[in-house]
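Beneath this line is the structure, given in structure tokens, with notes to follow.
The values are calculated or read from the model by the stated rules, or taken from the named source; none is laboratory data. Small disclaimer: the values here were computed from a predicted structure and weren't measured. Neighbour counts run over all protein chains shown; Cβ positions are idealised from the backbone, glycine included.
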Amino acid sequence: MKKFSLEQKLTFSRKASILIFMFVVGYSSSSLSETEVQVKPNHHTQNGFRNYPVIPDPPAVGVAFYFRRVMDSFFLPDIPDEHFLTEKESISQFQQLNGKNSITWLGHATFLIRINGMTILTDPYLTEFASPLWEFGPRRYVQPGISLDNLPSIDIIVVSHNHLDHLDAETIETLQGKDSIHVFVPLGLKSFFIDRGYTNVEELDWNRRSSYGGIELTALPAIHFSGRGLNDKNKTLWCSWSISSQSRKIFFSGDTSYSPTLFKTIGQVNGPFDLAIVSIGAYKTRKYGPASHLTPEEAAKVVMETKSNVAVAMHWGTIQLSDEPPFEPPVRFKKATQDSGIASDQTWVMKIGETRLLPGNK
């Protein structure tokens, strides 16, 4: 009988172990290319998602943070008249630009964007409180530019993440046309809409794209976190978005903190953009832990690095989520964009309810 050397025995043993493993996990005798185990992307974890490159997670905020937000709900700031339009004025302005490519700020991160006859609703939050504590916690101090009852028909909903000030259950439940609206969300959020009667919902991972009605939606990375309660932190993904048609391309930042590399990459790979809608508020939470939002100065950098022609401010002037004065962000943002070389007429600090033509309209 032929004898095997120790090295040959070890080699045979290793091969046998591999074959047994493949049998146990259900592999067939197909080629290696068909039987490779798919490696998860770096921003996926065993139980959810993380920022990548890895940065410190924002900690669970403590009693002091929640106490401030509860107090804010009782002591609302004085609102300058020039900060908003009445709903009647908002609806009139919206209707006057019917058939045009336009953008309407409803407040916070909620916009109506009309491109090529399609109406897109971003990060729907159109009710009073953004709080799991019902009538305690962050409270809207300016009503939506157009209320839920008076919204036009929506073709597309785009959601950046599941925080309560970006994805409001009551708004989603109340919207009409659930069978016809196409919803685009980051991974893990499909069931939120299906459970509420929507039938056309697509989940996208970072750098994946889909389209509907001539509008292409690409989910892009962001630096943030997710969670709506005590036990679901980072169970669903967060993202920024590219929203584009043959004639327009828009960058929607969602919530994100700054990265010296991320937005440059987005600009190089996905840009240039006609318009960047960027978060400029809720930056005074940093004393509670690592950053999870942009400062106005960082927002200006994002506009430049994504190669965007026009800057639109969002995530301010609607709800008190942080300790900065509520009307400080746009002042700092305008100065920062000017210092970055962005012309004043290319920095849009809109009134709540205001509609403007998208850049490029004749």
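Here is how the numbers come out for the structure above:
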| quantity | calculated |
| --- | --- |
| From Ser279, Ser253, Ser242, residue being under 19 Å from the mean Cα position of the chain (by Cα), surrounded by fewer than 24 Cβ atoms within 10 Å (Cβ to Cβ), assigned by TED's automatic domain parsing to the domain that holds Ser191 and modelled with pLDDT of 95 or more | Ser242 |
| Selection count where residues are among the aliphatic types (A, V, I, L, M) and within 22 Å of the chain's Cα centre (by Cα), scope the stretch 322-362 | 4 |
| Failed criterion for Leu151 (all others in (1) in contact with a helix residue (DSSP H, G or I) (Cβ under 7 Å, 6 or more places away or on another chain); (2) without any contact (Cβ under 8 Å) to a residue 40 or more places away in the chain; (3) not charged (D, E, K, R) hold) | (1) |
| Members of the stretch 168-191 found to be among the basic types (Lys, Arg) and either modelled with pLDDT under 95 or under 29 Å from Asn51 (Cβ atoms) (or both), listed by number | Lys190 |
| Selection within the stretch 324-348 - touching a Pro at 6+ places or on another chain (Cβ under 7 Å) and crowded, with 20+ Cβ neighbours inside 10 Å | Pro326, Pro329, Phe333, Ala336 |
| Total residues in the stretch 310-336, condition at negative phi and part of a loop (DSSP other than H, G, I, E, B) | 11 |
| Count of the stretch 331-347 residues which are more than 16 Å from Gly281 (Cα to Cα) and not β-branched (Val, Ile, Thr) | 8 |
